[in-house]
1. Here is a check on your reading of the model: is SER300 polar (S, T, N, Q), touching a helix residue (DSSP H, G or I) at 6+ places or on another chain (Cβ under 9 Å) and over 17 Å from PRO231 (Cβ atoms)?
2. Might you let me know whether the stretch 345-353 holds any residue that is among the aliphatic types (A, V, I, L, M), in a loop (DSSP other than H, G, I, E, B) and not assigned by TED's automatic domain parsing to the domain that holds ASP163?
3. Looking at ALA336, ALA314 in this structure, which one is under 27 Å from ILE258 (Cα atoms) and within 18 Å of the chain's Cα centre (by Cα)?
4. Could you tell me how many of the residues in the stretch 298-350 are out of contact with any strand residue (DSSP E or B) (no Cβ under 8 Å at 6 or more places or on another chain) and crowded, with 23+ Cβ neighbours inside 10 Å?
5. Looking at the stretch 260-276 only, could you name the residues that are part of a loop (DSSP other than H, G, I, E, B) and surrounded by 20 or more Cβ atoms within 10 Å (Cβ to Cβ)?
6. Of all the strands (runs of 3 or more DSSP E) wholly in the stretch 65-161, which have at least 1 residues that are more than 21 Å from the chain's Cα centre (by Cα), of a type in the set (A, V, I, L, M, F, W, C) and within 18 Å of LEU29 (Cα to Cα)?
7. Just the residues that are in contact (Cβ under 8 Å) with a residue 12 or more places away in the chain, surrounded by fewer than 15 Cβ atoms within 10 Å (Cβ to Cβ) and farther than 20 Å from ARG143 by Cβ, please, taken from the stretch 71-88.
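The values are calculated or read from the model by the stated rules, or taken from the named source; none is laboratory data. Note that this is a predicted model, so its numbers are computed, not measured. So basically every Cβ, Gly included, is an ideal-geometry build from the backbone, and we count neighbours across all protein chains shown.
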Amino acid sequence: MRPARALIDLQALRHNYQLAREVTGAKALAVIKADAYGHGAVRCAQALEAEADGFAVACIEEALELRAAGIRAPILLLEGFFEADELPLIVEHDFWCVVHSLWQLDAIEQATLAKPIQVWLKLDTGMHRVGLHPSEYQSAYQRLQASGKVAKIVLMSHFARADELDSLRSVEQVAVFLAARDDLSAEVSLRNSPAILGWPSVPSDWVRPGLMLYGATPFEQDHPLAARLQPVMTVESKVICVRELPAGEPVGYGAKFITPKPMRIGVVAMGYADGYPRHAPTGTPVLVAGQRSQLLGRVSMDMLCIDLTDVPDAGLGSTVELWGKNILASELAEKAETIPYQIFCNLKRVPRLYSGS
């Protein structure tokens, strides 16, 4: 059996969720969209349900999967509904629903609902992705209240640059939110992972931990709270072949690496078809036989090569950590010029093994 696997530490997941609660004192929706960022939405929800205030997913398909698995906690649809005919399902399964556009508001007003729904009314404070314009916000709130089809409204927005702690953009977005909110009496949800960790003064009755839930920092610089996160996913495989090469020999496609001296090369069963970033360069760190080493040459679809020259204890069958508790996903992402979100979400073909449930 191919040795590549992803080890998912559910106790670390719970630790990170508890940290979000601890540092904010707020209620927390665990964001488990995109199959829990590659970690497995159903298992992650099951691990958190006893303590979570609720979950957040992108769309109704993801929410229905959780309900089918027996998850009864509140589930927020972060993109709301895409068609008005989803509204009966939202009612049937007690989903909470983001409203970010006037057409969604129109659809709710026109719908015949068996019971009122909970709405999270999204304001565009400057990210300019989805959300109501500030000039529309008060009237949208009043229309929802007057419709008789809404049980509760939570006011929300989303930060574009909260991971940039020296940027004033988040302060500006908060100011836009407060002005648009004015005297509306409702709970507020503003803080995502970087805002939970790095922006303590931002008001938020509800927080939405996403990336931090999985133990990765959203920041480029060191941060004391991010340092308390515990990586949840460890992806590892094994050395399946060892080559002794003299100086001057090419390694991998395109001869992008030429041995500068006699070297011992390990071939690892892991490639871009598994989600390892193809553009990770020579020098990207790996852990083999408990010792840090490096990637050599281009990543192939199913295999990659690493340096065993200075790791005498490593050989055929040695375990290689590609990212996880020792090689942080943020470190790999930086080398590959991507972000840890993509590292996690790109995982495929690799079986997930769970512990700490």
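1. Numbers: polar (S, T, N, Q): yes; touching a helix residue (DSSP H, G or I) at 6+ places or on another chain (Cβ under 9 Å): yes; over 17 Å from PRO231 (Cβ atoms): yes.
Yes.
2. Yes: one or more hits.
3. Details: ALA314 fails: within 18 Å of the chain's Cα centre (by Cα).
The match here is ALA336.
4. 2
5. We begin by selecting, within the stretch 260-276, every residue part of a loop (DSSP other than H, G, I, E, B); these are 260-262, 269-271, 275-276.
Answer for the stretch 260-276, where residues must be part of a loop (DSSP other than H, G, I, E, B) and surrounded by 20 or more Cβ atoms within 10 Å (Cβ to Cβ): MET270, GLY275, TYR276.
6. Details: elements: 75-77, 96-99, 117-122, 150-156.
Once the strands (runs of 3 or more DSSP E) in the stretch 65-161 are filtered for at least 1 residues that are more than 21 Å from the chain's Cα centre (by Cα), of a type in the set (A, V, I, L, M, F, W, C) and within 18 Å of LEU29 (Cα to Cα), what remains is 96-99, 117-122, 150-156.
7. Narrowing the stretch 71-88 to residues in contact (Cβ under 8 Å) with a residue 12 or more places away in the chain: 71-82, 84, 86-88.
Checking which are surrounded by fewer than 15 Cβ atoms within 10 Å (Cβ to Cβ) leaves us with 72, 82, 84, 88.
Across the stretch 71-88, the qualifying residues are ARG72, PHE82, PRO88.
Residue-by-condition table, conditions (1) assigned by TED's automatic domain parsing to the domain that holds GLY54; (2) of a type in the set (A, V, I, L, M, F, W, C); (3) more than 28 Å from GLU92 (Cβ to Cβ):
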site: ASP106; (1), (2), (3): yes, no, no
site: GLN110; (1), (2), (3): yes, no, no
site: GLN118; (1), (2), (3): yes, no, no
site: LYS122; (1), (2), (3): yes, no, no
site: MET127; (1), (2), (3): yes, yes, yes
site: GLY131; (1), (2), (3): yes, no, no
site: GLN138; (1), (2), (3): yes, no, yes
site: GLN145; (1), (2), (3): yes, no, no
site: ARG161; (1), (2), (3): yes, no, yes
